[in-house]
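Here's a structure for you.
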Amino acid sequence: MAFFQFDPWIEELSKKALGKVRGQWQKIEDTAEYNQQKVLWAFQKNRVSETHFTPTTGYGYNDRGREVLDQVFADIFECEDALVRHFFISGTHALCAALFGLLRPGETLLSVTGKPYDTLDGVIGLSGEKGMGSLKEYGVGYRQVDLQEGKIDFDGIEKNLDDTVRVVFIQRSKGYDGTRPSLSCEEIGKICAFVKKRRPGCFCVVDNCYGEFVEKTEPTGHGADIVVGSLIKNPGGGLAQSGAYVAGTKKAVELISYRLTAPGIGKECGASLGQNRMMFQGLFLAPHTVGQSLKTAVFCAAVYEELGFFVSPGPLESRADIIQSIRFNDPEKLVAFCQGIQRGAPVDSYVEPVPWDMPGYAHPVIMAAGAFVQGSSIELSADGPMHEPYVAYMQGGLTFESGKTGVLASVQRMREKGLL
Ligand SMILES: *Cc1c(COP(=O)(O)O)cnc(C)c1O
């Protein structure tokens, strides 16, 4: 295996790391198998058939594939309805449609997991120019309750749950926030129960990005009204070419559908243009693919912990998403790490990533992505905002074999630059 010419000490490091985490494999494979059967069951229950892959054009009326795919998602997410669309341009777009669909002027959005993901700043009105039509400009208020030492602040939620609050927002994954843990579905369930007891009319909305199929259940199985996620992350299985989904109660999904298309039209239109097959097939592959990226993340944690860096989660800790963070405390190490991950990619491996000002993000960001689908982060990818403490967030890996190679290539790159 001289294709990558890893130093012998890197091969040794790899063996040692792998030995440490072998025990995790059983749990990952068990969850993948459970979720695979759930997905298969949902396909069969809804009688998925070849005719559902037939493209529609124009208005896209009576697109059976689209309707069945929505129902398959709803069954997998243990809820009533879903909107699975290739024409959601990203997760942010779907989250935006969800918030605008559920909130009205004078009402309040209450985030209970601290500040939401950076790309929602413009949607909420926390940043950006006036005149873009943020929720704030439409008279929707915003408050947040920060986590207290990584834990949900139930007293803080209680204090903020006045009768203007219509949406309680929960972010499952830590995203770019290295100071908080990701939440398990059980913890999300506790928040939903707490909120519903006090304000039954509130919608509990979960940003589910990176969490799908990591556990045996989803937040909608624990009382969330709506989950939202991207199809170029976990549930697209690496095959969906673009898109996002919203799943939840019939009422909430309907309200959101009016914002996605138009009031009065909702779910009835939207040509699938031949994207259905890839969305179905990607969903079918997703439990396995998520398992592969979990193995890659666990392996990465073991390797970098062995090298003396702080990693979160630790290699033996339980996980609620596919993100692995590594704290480098050094801009050069962060950059070298991302460059190494890029070198392990099947596409654009010869490109050397550098930090850039990415739209929607507050700081320059370095990103490594050599993906078949642009920006796909179920494919092996890494990124890090260029500020203290210089944390890299690595995720994805369509196969563990390729993900592992990428991780080893990152060690090699850091070594080459004299940083290890
Ligand atoms: C990826 C992600 C989003 C949405 O990002 P897009 O790039 O717009 O798909 C939102 N929240 C979290 C936590 C994410 O990881």
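List every residue pair whose Cβ atoms lie under 8 Å apart, where the two residues are 6 or more positions apart in sequence or sit on different chains, the first residue falls within segment 28-52 and is within 10 Å of VAL72 (Cβ to Cβ), and the second residue, located anywhere, is open to solvent by 30 Å² or more (accessible area, probe 1.4 Å).
Every condition considered, the pairs that remain are VAL39/PHE284; PHE43/PHE284; ASN46/GLN71; HIS52/ARG64.
Out of all the residues in segment 286-297, is one or more farther than 30 Å from ILE188 by Cβ and either part of a loop (DSSP other than H, G, I, E, B) or in contact (Cβ under 8 Å) with a residue 24 or more places away in the chain (or both)?
We begin by selecting, within segment 286-297, every residue farther than 30 Å from ILE188 by Cβ; these are none.
No: segment 286-297 contains no residue that is farther than 30 Å from ILE188 by Cβ and either part of a loop (DSSP other than H, G, I, E, B) or in contact (Cβ under 8 Å) with a residue 24 or more places away in the chain (or both).
Out of curiosity, is ARG180 open to solvent by less than 60 Å² (accessible area, probe 1.4 Å), closer than 29 Å to HIS387 by Cβ and out of contact with any helix residue (DSSP H, G or I) (no Cβ under 9 Å at 6 or more places or on another chain)? Reasoning before the result, please.
Values: open to solvent by less than 60 Å² (accessible area, probe 1.4 Å): yes; closer than 29 Å to HIS387 by Cβ: yes; out of contact with any helix residue (DSSP H, G or I) (no Cβ under 9 Å at 6 or more places or on another chain): yes.
Yes, satisfied.
Could I ask something else about it? Quick one: which of GLN374, GLN395 is within 15 Å of the ligand (Cβ to nearest atom) and either open to solvent by 50 Å² or more (accessible area, probe 1.4 Å) or without any contact (Cβ under 8 Å) to a residue 12 or more places away in the chain (or both)?
Exactly one of GLN374, GLN395 is within 15 Å of the ligand (Cβ to nearest atom) and either open to solvent by 50 Å² or more (accessible area, probe 1.4 Å) or without any contact (Cβ under 8 Å) to a residue 12 or more places away in the chain (or both), namely GLN374.
Name every residue in segment 225-238 that is open to solvent by 10 Å² or more (accessible area, probe 1.4 Å) and over 23 Å from GLN324 (Cβ atoms), in order of residue number.
Step one: of segment 225-238, the residues open to solvent by 10 Å² or more (accessible area, probe 1.4 Å) are 225, 232-233, 238.
Within segment 225-238, just ASP225 meets the criteria.
Which ones in segment 53-91 are of a type in the set (A, V, I, L, M) and free of Cβ contacts under 8 Å to residues at least 24 places away in the same chain? First the steps, then the outcome.
Let us first name the residues in segment 53-91 that are of a type in the set (A, V, I, L, M), namely 68-69, 72, 74, 76, 82-84, 89.
Hit for segment 53-91 is VAL68, nothing else.
Next question, about the same structure. Quick one: what pairs do we get from segment 189-213, first residue in contact (Cβ under 8 Å) with a residue 12 or more places away in the chain and under 15 Å from ALA320 (Cβ atoms), second open to solvent by 60 Å² or more (accessible area, probe 1.4 Å) and assigned to a loop (DSSP other than H, G, I, E, B), C-beta under 9 Å, 6+ apart or different chains?
Once the first residue is in contact (Cβ under 8 Å) with a residue 12 or more places away in the chain and under 15 Å from ALA320 (Cβ atoms) and sits in segment 189-213, no partner that is open to solvent by 60 Å² or more (accessible area, probe 1.4 Å) and assigned to a loop (DSSP other than H, G, I, E, B) comes close enough.
What is the residue count in segment 89-105 for residues that are part of a loop (DSSP other than H, G, I, E, B) and either more than 9 Å from the ligand (Cβ to nearest atom) or among the polar types (S, T, N, Q) (or both)? Step through it out loud before you land on a result.
Here is the first cut: in segment 89-105, the ones part of a loop (DSSP other than H, G, I, E, B) are 89-90, 103-105.
With the extra rule that they be either more than 9 Å from the ligand (Cβ to nearest atom) or among the polar types (S, T, N, Q) (or both), the set shrinks to 90, 103-105.
Residues that pass the stated criteria total 4.
Can you name the residue in segment 158-174 that is closer than 30 Å to ALA382 by Cβ and touching a residue at least 60 places away in the same chain (Cβ under 8 Å) and, of all such residues, is farthest from the ligand (Cβ to nearest atom)? Explain how you work it out, then say what you get.
So in segment 158-174, the residues closer than 30 Å to ALA382 by Cβ come out as 169-174.
Now drop any that are not touching a residue at least 60 places away in the same chain (Cβ under 8 Å), which leaves 169, 171-174.
Numbers: PHE169: 11, GLN171: 5, ARG172: 7, SER173: 4, LYS174: 8 Å.
Looking at residues that are closer than 30 Å to ALA382 by Cβ and touching a residue at least 60 places away in the same chain (Cβ under 8 Å), I get PHE169.
Looking at PHE309, PHE299, PHE280, which one is more than 16 Å from the chain's Cα centre (by Cα) and buried (at least 24 other Cβ atoms within 10 Å of the Cβ)? Show your work before the answer.
Details: PHE309 fails: buried (at least 24 other Cβ atoms within 10 Å of the Cβ); PHE280 fails: buried (at least 24 other Cβ atoms within 10 Å of the Cβ).
Result: PHE299 is the single residue among PHE309, PHE299, PHE280 that is more than 16 Å from the chain's Cα centre (by Cα) and buried (at least 24 other Cβ atoms within 10 Å of the Cβ).
Filter segment 356-391 down to residues that are assigned to a loop (DSSP other than H, G, I, E, B) and on the phi < 0 side of the Ramachandran plot, then give me how many there are. Write out each step before concluding.
Within segment 356-391, the subset assigned to a loop (DSSP other than H, G, I, E, B) is 357-364, 370-380, 386-390.
If we keep only those that are on the phi < 0 side of the Ramachandran plot too, we end up with 357-359, 361-364, 370-374, 376-380, 386-389.
Residues in segment 356-391 being assigned to a loop (DSSP other than H, G, I, E, B) and on the phi < 0 side of the Ramachandran plot: 21 in total.
Among ALA392, ALA345, which is touching a strand residue (DSSP E or B) at 6+ places or on another chain (Cβ under 6 Å) and closer than 27 Å to LYS20 by Cα?
Numbers: ALA345 fails: touching a strand residue (DSSP E or B) at 6+ places or on another chain (Cβ under 6 Å).
Only one candidate passes the filter, namely ALA392.
Now for a separate question. Mind telling me which of the residues PHE203, PHE213 ends up being aromatic (Phe, Trp, Tyr), within 16 Å of the ligand (Cβ to nearest atom) and crowded, with 23+ Cβ neighbours inside 10 Å?
Values: PHE203 fails: within 16 Å of the ligand (Cβ to nearest atom).
The unique qualifying residue is PHE213.
Only residues in segment 106-126 that are more than 11 Å from the ligand (Cβ to nearest atom) count as the first member; pair them with residues that are at pLDDT 95 or above and part of a helix (DSSP H, G or I), Cβ under 7 angstrom, at least 6 apart or cross-chain, and list the lot.
As it stands, the answer is LEU109/LEU99; LEU109/ILE124; LEU110/ASN160; VAL112/ILE157; VAL112/ILE191; ILE124/LYS136; GLY125/LYS136; GLY125/GLU137, since those pairs meet every condition given.
The values are calculated or read from the model by the stated rules, or taken from the named source; none is laboratory data. Remember, predicted model here, so these are calculated numbers, not experimental data. Using ideal geometry, Cβ is built from the backbone for each residue, glycine included, and neighbour counts are taken over all protein chains shown. All accessible areas refer to the heavy atoms of the entire protein, side chains included, with ligands and DNA or RNA removed. Shrake-Rupley method; radii C 1.70, N 1.55, O 1.52, S 1.80 Å.
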